[in-house]
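Peer 1: Here you go, one structure.
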Amino acid sequence: MASRSEIIVRFAGEGGQGVVTAAEMLARAATGVGYHALTFATFPSQILGGPTWTQARVSRTPVESPGDAIDILVAFNDVAYHEHRTEVHDGGIILLDPSVTPLSDEHLRCVTVPFDELAKQTGESRAANMVVMGGLSRLINMPVHYFKDFVSQRFAGRDKVVEANHIALDLGLAHLAEEDPISDLGEPEKPDYEQVFIKGNDALSVGALHAGIEFYFGYPISPATPILVYMERNLVGEGKFAYQASSEIEAITGIIGAGFAGKKSMTATSGPGFTLMGEGIGLAWMAEIPCVIVDVQRGGPATGLPTKTEQSDLNAALSPAHGDSSIPVIAAGSVDECFLATVHAFNWAERYQGPVILLSEHSLAERAQNIAKPDLAAIPVESRNVYKGENGYLRYESQEISPFPVPGGAGAYIANGSEHDIYGDTTHLAKYHIQMTERRFGKLKLLEGTYESDNASASVAVIPWGGSKGSAREAFQQLRSAGVDIAWYYTMFLNPLPTALLDELRSKDLVIVPELNYQGQFASVLRSQGVKAEAITQYTGLPFRPTELGERIKARLAGAGQPQAVNA
Amino acid sequence: MTGTAKNPEYDFLWCPGCGDFGVRRALEFAMRDWNIEREIPMHDNVVVAGIGCSGNLVHLYEGEQPYGFHGIHGRSLPLALGVKMAREDLNVVVVAGDGDFLSIGMEHIAPQASRNLNICAVIMDNGVYGLTKGQSSPTTVEDTVTSSTPYGKLESSLNPLDLYLTLGVTYIASGYSTKPRDLAGLIKRGMEHDGFSIVHVNSPCTTYNDTYALLKGNKAKGIDPLAWEIPDDHDSTSKSAARGVIEQGGVPLGVIYQDDSRPSLDQRLGAVRERVTGRSAEDLLNTFAV
């Protein structure tokens, strides 16, 4: 039995069979004893039924993506078996429900487990998940007490449930007692720092609370809904407001009203809602109102793929509104960054007094992962410079940013979506349109983000953005291990891009941009900035697989110097 | 008459005789009285305006100015919601026209009525899109020829008062721009009402839809005025009596309906705050501890 550093288990079945919770349970139990784990979930846009699958990647060292081929597939039905069996690597195992008949020429090891029947024996028919976990504890050689402890904790105080689930774990384990484990993960090395096991959307929500959010207004939409739910539950107390809007148009204008009234405000949506918010975002830019707009991307356009992942809203985020504007955009690339980027987004909004777009995506939103617990004391929070003078203040007189008057205090002015003069009054005069346009663009110089680099001396580079960061980072590490001379760059700050980063990228012969869209949107942005950028694209609704991505980068490098079609 | 006391360069003009002059005067009266009674400064008031001729009422003509927000077309209500729910202590007034409020912004009335959002909306109804030069609006009379209805308006005319009552707006008043003192009383009572108040004002457009003559009527010619005073014995707490007033047609003047029994959104939220307390980001982060 080979020892290995990581293992990937995929659960596939129908919505409502507990598929979603299975991966999370495995990952949570594994992190509890000191492994690193990351989940991936994809499901149809319906509550019951429809093909659903999730997977957990469990490792002795930190992981950054859902990974490559599957070690163990748990197939709850026939469709799931046929759909996913080809993604199990040679030597892998398929756990099957007895209703599934494996192909006659199946070369993979198939093990049948009567999940439901065993669950019924426990007196708790919903314990089928635990039967699976019990079986897995044998196959991946993970002591069953890890799971038992997890169950005891999770259902503390509900003794009957705990007992039934413990029995289910034992039954699953006993059923597979004679099966050879696939591998030995070895003892975990428990990290010596504090950790949290958290999903991207929750990390984003807690980040907003740390940043000092006071006003949340949002409309339900996949995959951003969990942010609304979290805020409604937790953004409570004096001076706090979290509420469900009647539309995304109401949501954006509501948070602008609150921003005008002095509050740190945010809404979260996905593509369709983001499109509806366009005019409002332009208003926040024009009237200089701080606010944060989160777009948790899904497949588009129109209703698109509500429950799949894609990075195709970059163009929209960079240009959500008509007219001359340049809205700051920050994109989270990991669960940690869902937290951090949100704090940055609020800080930028407060600092330059305008709207900031925060991009996340389905794969991050639903990803549950163990991360180092953010050290809140070390993450600074900014607040706008509030006007404290007398009445008669000319809010827009300065060519630079100016203190922000708050209703209820002196300094009354007109916040205006029409072009305005130094009083905030509507005007058509050319001199004011010139002055105010330059004032609004000039404030962007206050926003200078950071970036990271690795092996920066190489003449070719890879720079992913957003949620492709993890897969690209693992692909990069594989390439470096194989001796490929390639540089790594990454930033969360997509607009304005860090100037020093642009300078470095411009010096490269080729900059490869892996991104999950058809057009190669970020590569196109970089080309417009004078970078020789080419995209490697994927538009399957799923994230990149690191090894496959590494191969594609290698193939592109082999062809470097040759004419190559650039993604339109 | 250009400029304001504060900004000599301000050059927005309403047409001579525009009803909106009277509404602005009424709003000034109402806000000043409101401030004096409460001994509060003008900057505790916020005027959120729609887009269109009436949107330029974001200013008062004279004296200390309230905060103003001249936003985007049709969205005055959600902007006002943001201001009010961010700062419940502020007096928030919406000013908008029939095109802004009842056409593009119609979708925002029902949710604020359901929430009983504690603001006062003053609607200037001239039955036409004035600033875009005379297209038909929801309240334009059926069969009327306008620039966008060259063969007559094919849609029935909306009765806004009927709509407000149906949606559950808890204070509904109807007024006329030529009577600023009376109108100020209706607006101030709307500000005082804890809940969603709408003061619907007939504010004629002298350029595209001059209804002054119709509103006043002409005794000599035997034409009854469109505007009529609601009798003192009208029971404004009764929904059926309110419906009776509305069904009489014309432009009733006075308070049509007032329901003080429903708590406003901020009052309901206050009750929630008494039983639920928020937790710090640190505490919340710890709920995810491994």
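The values are calculated or read from the model by the stated rules, or taken from the named source; none is laboratory data. Here the structure is a predicted model, which means the values were calculated and not measured. Neighbour counts are summed over all protein chains in view; Cβ atoms, including those assigned to glycine, are modelled from backbone coordinates with ideal geometry.
Peer 1: Of the numbered conditions (1) under 18 Å from the mean Cα position of the chain (by Cα); (2) at pLDDT below 95; (3) at the interface with chain A (Cβ under 8 Å from one of its Cβ atoms), B:Arg75 fails exactly one; give the number of that condition.
Peer 2: Evaluating B:Arg75 over (1) under 18 Å from the mean Cα position of the chain (by Cα); (2) at pLDDT below 95; (3) at the interface with chain A (Cβ under 8 Å from one of its Cβ atoms) leaves (2) as the failure.
Peer 1: Considering only segment A:250-272, state which residues are at the interface with chain B (Cβ under 7 Å from one of its Cβ atoms) and either among the hydrophobic types (A, V, I, L, M, F, W, C) or assigned to a helix (DSSP H, G or I) (or both).
Peer 2: Across segment A:250-272, the qualifying residues are A:Glu250, A:Thr253, A:Gly254, A:Ile255, A:Ile256, A:Gly257, A:Ala258, A:Phe260, A:Ala261.
Peer 1: On to the next question. Quick one: is A:Ile167 β-branched (Val, Ile, Thr) and within 14 Å of chain B (Cβ to nearest Cβ)?
Peer 2: Answer is no for this residue.
Peer 1: For segment A:306-401, which fully contained strands (runs of 3 or more DSSP E) count at least 2 residues that are under 20 Å from A:Pro498 (Cα atoms)? Steps first, please.
Peer 2: On the way: elements: A:329-331, A:355-361, A:368-372.
Qualifying strands (runs of 3 or more DSSP E): A:329-331, A:355-361.
Peer 1: For segment B:107-124, how many residues are away from chain A (no Cβ under 12 Å) and of a type in the set (A, V, I, L, M, F, W, C)?
Peer 2: Going through segment B:107-124, the residues away from chain A (no Cβ under 12 Å) turn out to be B:116, B:118, B:120-124.
With the extra rule that they be of a type in the set (A, V, I, L, M, F, W, C), the set shrinks to B:120-124.
Of the residues in that region, 5 qualify.
Peer 1: Same structure, new question: Quick check: anything in segment A:346-353 within 14 Å of another protein chain (Cβ to nearest Cβ) and of a type in the set (Phe, Trp, Tyr)? Spell out how you get there, then give the answer.
Peer 2: In the first step, residues of segment A:346-353 are kept if they are within 14 Å of another protein chain (Cβ to nearest Cβ); the result is A:346.
Now restrict to residues that are of a type in the set (Phe, Trp, Tyr): A:346.
Within segment A:346-353 (the criterion being within 14 Å of another protein chain (Cβ to nearest Cβ) and of a type in the set (Phe, Trp, Tyr)), the answer is yes, since at least one residue qualifies.
Peer 1: Determine if segment B:64-82 includes at least one residue that is closer than 25 Å to B:Ser136 by Cβ, among the β-branched types (Val, Ile, Thr) and in a helix (DSSP H, G or I).
Peer 2: no
Peer 1: How many residues, within segment B:192-238, are in contact with a strand residue (DSSP E or B) (Cβ under 6 Å, 6 or more places away or on another chain), free of Cβ contacts under 8 Å to residues at least 60 places away in the same chain and in a loop (DSSP other than H, G, I, E, B)?
Peer 2: Going through segment B:192-238 one residue at a time, the tally reaches 4.
Peer 1: Select from segment B:32-63 the residues that are surrounded by fewer than 17 Cβ atoms within 10 Å (Cβ to Cβ) and within 10 Å of another protein chain (Cβ to nearest Cβ) and list them in ascending order.
Peer 2: Quick first cut of segment B:32-63, residues surrounded by fewer than 17 Cβ atoms within 10 Å (Cβ to Cβ) only: B:33, B:36-41, B:61-63.
Residues satisfying the conditions are B:Ile40, B:Pro41.
Peer 1: If I go through segment B:11-21 residue by residue, how many of them are in contact with a strand residue (DSSP E or B) (Cβ under 8 Å, 6 or more places away or on another chain) and either within 13 Å of chain A (Cβ to nearest Cβ) or surrounded by fewer than 22 Cβ atoms within 10 Å (Cβ to Cβ) (or both)? I'd like the intermediate steps shown before the answer.
Peer 2: First pass over segment B:11-21, keeping only residues in contact with a strand residue (DSSP E or B) (Cβ under 8 Å, 6 or more places away or on another chain): B:12, B:15, B:18-20.
Going one step further and asking which of them are either within 13 Å of chain A (Cβ to nearest Cβ) or surrounded by fewer than 22 Cβ atoms within 10 Å (Cβ to Cβ) (or both), we end up with B:12, B:15.
Counting residues in segment B:11-21 that are in contact with a strand residue (DSSP E or B) (Cβ under 8 Å, 6 or more places away or on another chain) and either within 13 Å of chain A (Cβ to nearest Cβ) or surrounded by fewer than 22 Cβ atoms within 10 Å (Cβ to Cβ) (or both) gives 2.
Peer 1: Looking at (1) within 21 Å of A:Glu288 (Cβ to Cβ); (2) more than 8 Å from chain A (Cβ to nearest Cβ); (3) part of a helix (DSSP H, G or I); (4) of a type in the set (A, V, I, L, M, F, W, C), find the lone condition where B:Phe29 falls short.
Peer 2: (1)
Peer 1: Still on this structure, please answer the following. Identify, from the list A:Asn416, A:Asn455, the residue that is within 14 Å of chain B (Cβ to nearest Cβ) and either at pLDDT 95 or above or surrounded by 15 or more Cβ atoms within 10 Å (Cβ to Cβ) (or both).
Peer 2: Values: A:Asn455 fails: within 14 Å of chain B (Cβ to nearest Cβ).
Answer to the check: A:Asn416.
Peer 1: Could you look through segment A:401-412, keep only residues that are within 7 Å of another protein chain (Cβ to nearest Cβ) and crowded, with 21+ Cβ neighbours inside 10 Å, and pick out the one that is modelled with the highest pLDDT?
Peer 2: For segment A:401-412, the residue satisfying everything is A:Pro407.
Peer 1: Of these, B:Asp143, B:Asp182, B:Asp100, which one is acidic (Asp, Glu) and in a loop (DSSP other than H, G, I, E, B)?
Peer 2: Numbers: B:Asp182 fails: in a loop (DSSP other than H, G, I, E, B); B:Asp100 fails: in a loop (DSSP other than H, G, I, E, B).
Step by step, each of B:Asp143, B:Asp182, B:Asp100 is checked, and only B:Asp143 is acidic (Asp, Glu) and in a loop (DSSP other than H, G, I, E, B).
Peer 1: Moving on. For segment A:121-160, which residues satisfy the criterion of being surrounded by fewer than 21 Cβ atoms within 10 Å (Cβ to Cβ), of a type outside the set (D, E, K, R) and not in a helix (DSSP H, G or I)?
Peer 2: A:Gly123, A:Asn141, A:Pro143, A:Phe155, A:Ala156, A:Gly157
Peer 1: Can you find a residue that is at pLDDT below 95, in contact with a Lys or Arg (Cβ under 6 Å, 6 or more places away or on another chain), more than 24 Å from A:Trp348 (Cα to Cα) and of a type in the set (A, V, I, L, M, F, W, C) anywhere in segment A:186-196?
Peer 2: No, because not a single residue in segment A:186-196 is at pLDDT below 95, in contact with a Lys or Arg (Cβ under 6 Å, 6 or more places away or on another chain), more than 24 Å from A:Trp348 (Cα to Cα) and of a type in the set (A, V, I, L, M, F, W, C).
Peer 1: Go over the candidates A:Gly134, A:Gly200 one by one and state the one that is under 30 Å from A:Ala345 (Cβ atoms) and touching a Leu at 6+ places or on another chain (Cβ under 8 Å). Full working, then the answer.
Peer 2: Working: A:Gly134 fails: under 30 Å from A:Ala345 (Cβ atoms).
One residue alone meets the criteria, A:Gly200.
Let's see how each residue does on (1) at pLDDT below 95; (2) within 8 Å of chain A (Cβ to nearest Cβ); (3) out of contact with any helix residue (DSSP H, G or I) (no Cβ under 9 Å at 6 or more places or on another chain):
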{"residue": "B:Thr237", "(1), (2), (3)": "no, no, yes"}
{"residue": "B:Ala242", "(1), (2), (3)": "no, no, no"}
{"residue": "B:Glu247", "(1), (2), (3)": "no, no, no"}
{"residue": "B:Val251", "(1), (2), (3)": "no, no, no"}
{"residue": "B:Ile256", "(1), (2), (3)": "no, no, no"}
{"residue": "B:Asp260", "(1), (2), (3)": "no, no, yes"}
{"residue": "B:Gln267", "(1), (2), (3)": "no, no, yes"}
{"residue": "B:Thr277", "(1), (2), (3)": "yes, yes, yes"}
{"residue": "B:Leu285", "(1), (2), (3)": "no, yes, no"}
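Peer 1: Here is a follow-up. Of all residues in segment A:355-388, which are within 12 Å of chain B (Cβ to nearest Cβ) and out of contact with any helix residue (DSSP H, G or I) (no Cβ under 7 Å at 6 or more places or on another chain)?
Peer 2: Of segment A:355-388, the ones within 12 Å of chain B (Cβ to nearest Cβ) are A:368-377, A:379, A:381, A:387.
Once the filter is applied, which keeps residues that are within 12 Å of chain B (Cβ to nearest Cβ) and out of contact with any helix residue (DSSP H, G or I) (no Cβ under 7 Å at 6 or more places or on another chain), segment A:355-388 yields A:Ala372, A:Asp375, A:Ala377, A:Tyr387.
Peer 1: Related question: Checking A:Asn234 against (1) facing another protein chain (nearest Cβ under 8 Å); (2) out of contact with any Gly (no Cβ under 7 Å at 6 or more places or on another chain); (3) polar (S, T, N, Q), only one condition comes out false. Which one?
Peer 2: Only one criterion is unmet by A:Asn234, namely (2).
Peer 1: Further, regarding this structure: Could you please give the count of residues in segment A:25-84 that are away from chain B (no Cβ under 14 Å), more than 21 Å from the chain's Cα centre (by Cα) and on the phi > 0 side of the Ramachandran plot?
Peer 2: Looking only at that region, the number is 2.
Peer 1: Does at least one position in segment A:74-82 carry a residue that is assigned to a loop (DSSP other than H, G, I, E, B) and either small (Gly, Ala, Ser) or in contact (Cβ under 8 Å) with a residue 60 or more places away in the chain (or both)? Working first, answer last.
Peer 2: Within segment A:74-82, the first condition is being assigned to a loop (DSSP other than H, G, I, E, B), and the residues that meet it are A:76-77.
From the residues that got through so far, the ones that are either small (Gly, Ala, Ser) or in contact (Cβ under 8 Å) with a residue 60 or more places away in the chain (or both) too are A:76-77.
Among the residues of segment A:74-82, at least one is assigned to a loop (DSSP other than H, G, I, E, B) and either small (Gly, Ala, Ser) or in contact (Cβ under 8 Å) with a residue 60 or more places away in the chain (or both), which makes the answer yes.
Peer 1: Another one. Kindly indicate which of B:Thr144, B:Thr139, B:Thr132 is more than 14 Å from every other protein chain (Cβ to nearest Cβ) and out of contact with any helix residue (DSSP H, G or I) (no Cβ under 9 Å at 6 or more places or on another chain). Even if it seems obvious, please write down each step before you answer.
Peer 2: Working: B:Thr139 fails: out of contact with any helix residue (DSSP H, G or I) (no Cβ under 9 Å at 6 or more places or on another chain); B:Thr132 fails: out of contact with any helix residue (DSSP H, G or I) (no Cβ under 9 Å at 6 or more places or on another chain).
Of B:Thr144, B:Thr139, B:Thr132, the one residue that is more than 14 Å from every other protein chain (Cβ to nearest Cβ) and out of contact with any helix residue (DSSP H, G or I) (no Cβ under 9 Å at 6 or more places or on another chain) is B:Thr144.
Peer 1: Pick from segment B:104-160 the residues that are β-branched (Val, Ile, Thr), in contact with a strand residue (DSSP E or B) (Cβ under 7 Å, 6 or more places away or on another chain) and surrounded by fewer than 24 Cβ atoms within 10 Å (Cβ to Cβ): which of them is nearest to B:Tyr208 (Cα to Cα)?
Peer 2: Applying the first criterion (β-branched (Val, Ile, Thr)) to segment B:104-160 yields B:104, B:109, B:119, B:122-123, B:128, B:132, B:139-141, B:144-146, B:149.
When the remaining residues are screened for being in contact with a strand residue (DSSP E or B) (Cβ under 7 Å, 6 or more places away or on another chain), the result is B:119, B:122-123, B:128, B:139-140, B:146.
So of that shortlist, the ones also surrounded by fewer than 24 Cβ atoms within 10 Å (Cβ to Cβ) come out as B:139, B:146.
Numbers: B:Thr139: 14, B:Thr146: 8 Å.
Among them, the one singled out is B:Thr146.
Peer 1: Looking at A:Thr275, A:Thr267, which one is farther than 18 Å from B:Ala80 by Cα, under 25 Å from the mean Cα position of the chain (by Cα), β-branched (Val, Ile, Thr) and at pLDDT 95 or above?
Peer 2: On the way: A:Thr267 fails: farther than 18 Å from B:Ala80 by Cα.
On inspection, the qualifying residue turns out to be A:Thr275.
Peer 1: Follow-up question, since we're still on this one. Residues being in a loop (DSSP other than H, G, I, E, B) and more than 7 Å from every other protein chain (Cβ to nearest Cβ): count how many of those fall in segment A:419-438. Give the derivation first.
Peer 2: Of the residues in segment A:419-438, the ones in a loop (DSSP other than H, G, I, E, B) are A:419, A:421-425, A:427-429.
Then drop every residue that is not more than 7 Å from every other protein chain (Cβ to nearest Cβ), which leaves A:419, A:422, A:424, A:427-429.
Qualifying residue count, segment A:419-438: 6.
Peer 1: Find the residue count for segment B:5-47, including only residues that are closer than 26 Å to A:Leu429 by Cβ and in contact (Cβ under 8 Å) with a residue 60 or more places away in the chain.
Peer 2: Residues in segment B:5-47 being closer than 26 Å to A:Leu429 by Cβ and in contact (Cβ under 8 Å) with a residue 60 or more places away in the chain: 5 in total.
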